[in-house]
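Let me begin by presenting the structure, written as structure tokens, before commenting on it.
Read the figures in this text as sums done on the coordinates, not as results from a lab. Nothing here was measured: the structure is a model prediction, and the numbers come from that model. Note that we place each Cβ from the backbone using ideal geometry, even for glycine, and neighbour counts take in every protein chain shown.
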Amino acid sequence: MRIALVGYGRMGRAVEEAARARGDEIVARLDREDRIDAAALAGAEVAIEFSVPSSAPLNLRRLAEAGVDTVSGTTGWDPAQGEVDAAVRAAGTGLLVAANFSLGVGFFHRIVREAARLAAGVPDYDVHLYEAHHRHKLDHPSGTARMLADSVVELFAGKDRWEESPPAGRPEREVVYLSVARAGEIAGTHVVSFEGPNDRVELRHEARDRGGFAVGAVEAAHWVRGRPGVHTLGDWLRDRFTDSPSP
Ligand code: NAD
């Protein structure tokens, strides 16, 4: 498959390696100063976008206008999702946006959801989240932590929202607290901890490098090609983990 890379930083390069290993061809590498139009996209069948939060919405609108199906992994631009979705629907292209393309995280997310559901059956448990990433990351908490926290709030009885730690005042029982660390070159760690009166159940996912995100993004690009509409990570993973109804 012919792929255009939009954003050629750490993830763009990792995606190039994963795509080559799969036998795909990289026909364009577009970064900060490059325009995005049909000529620059050089016959790409699909685009893989990993740039910065401030540029992703415009990049995705341009890719839709150019008629190219796209996966985007850029995080931290959620408020602009509505306008991007409208442009994609108007253009009749396909778009899959996901905060985390790692299949390991897809698997982890399912385990976390099941644990949050089960916790309702054991008395006096509480829950909190922790995430750590490299010091270059621009947004916080990570898109993956937000996704996990949304699931915990949805399924853990008695919680109605999540907030980044520390609490402004006295901690509230209904809030799931999420703490963040930034240091060195950590590829991405997410921990969901269920705290009981006498014990703790801790679920942990640790990315060792960017390869897992890149392999998943390339696989998702194959999935989105020729699939018009706005798709979610769940749509892709439901096909991928065929025996699992959630999330
Ligand atoms: P990076 O800083 O290494 O690369 C970003 C690149 O985007 C840079 O080369 C920069 O020059 C380029 N850029 C800036 N403005 C641009 C524009 N207007 N058009 C095109 N390119 C532009 O960052 P990274 O580590 O590659 O991460 C990129 C994004 O992907 C971040 O938002 C990060 O949080 C996210 N991410 C997502 C996943 C996932 O699985 N979804 C995994 C890792 C990282």
**Prompt:** Given the structure, is residue 179 more than 22 Å from residue 120 (Cα to Cα) and touching a strand residue (DSSP E or B) at 6+ places or on another chain (Cβ under 6 Å)?
**Reply:** yes
**Request:** Being crowded, with 18+ Cβ neighbours inside 10 Å and either of a type in the set (Val, Ile, Thr) or in contact with a Pro (Cβ under 9 Å, 6 or more places away or on another chain) (or both) is the filter here, so list the residues in region 96-128 that pass it.
**Result:** 97, 105, 109, 112, 113, 125, 127
**Prompt:** What number of residues in region 135-146 are touching a strand residue (DSSP E or B) at 6+ places or on another chain (Cβ under 9 Å) and either free of Cβ contacts under 8 Å to residues at least 12 places away in the same chain or near the ligand (Cβ under 8 Å from one of its atoms) (or both)?
**Reply:** 4
**Message:** Just to verify a result, which residue in region 26-40, among those that are touching a residue at least 24 places away in the same chain (Cβ under 8 Å) and touching a Gly at 6+ places or on another chain (Cβ under 9 Å), is farthest from residue 60 (Cα to Cα)?
**Reply:** 27
**Request:** Mind counting the residues in region 22-42 that are in a helix (DSSP H, G or I) and either more than 22 Å from the chain's Cα centre (by Cα) or within 10 Å of the ligand (Cβ to nearest atom) (or both)?
**Result:** 4
**Asked** Among the numbered criteria (1) without any contact (Cβ under 8 Å) to a residue 12 or more places away in the chain; (2) crowded, with 19+ Cβ neighbours inside 10 Å, which single criterion is violated by residue 56?
**Response** (1)
**Complete:** Every listed condition ((1) within 11 Å of the ligand (Cβ to nearest atom); (2) surrounded by fewer than 15 Cβ atoms within 10 Å (Cβ to Cβ); (3) in contact (Cβ under 8 Å) with a residue 24 or more places away in the chain) holds for residue 89 save (1)
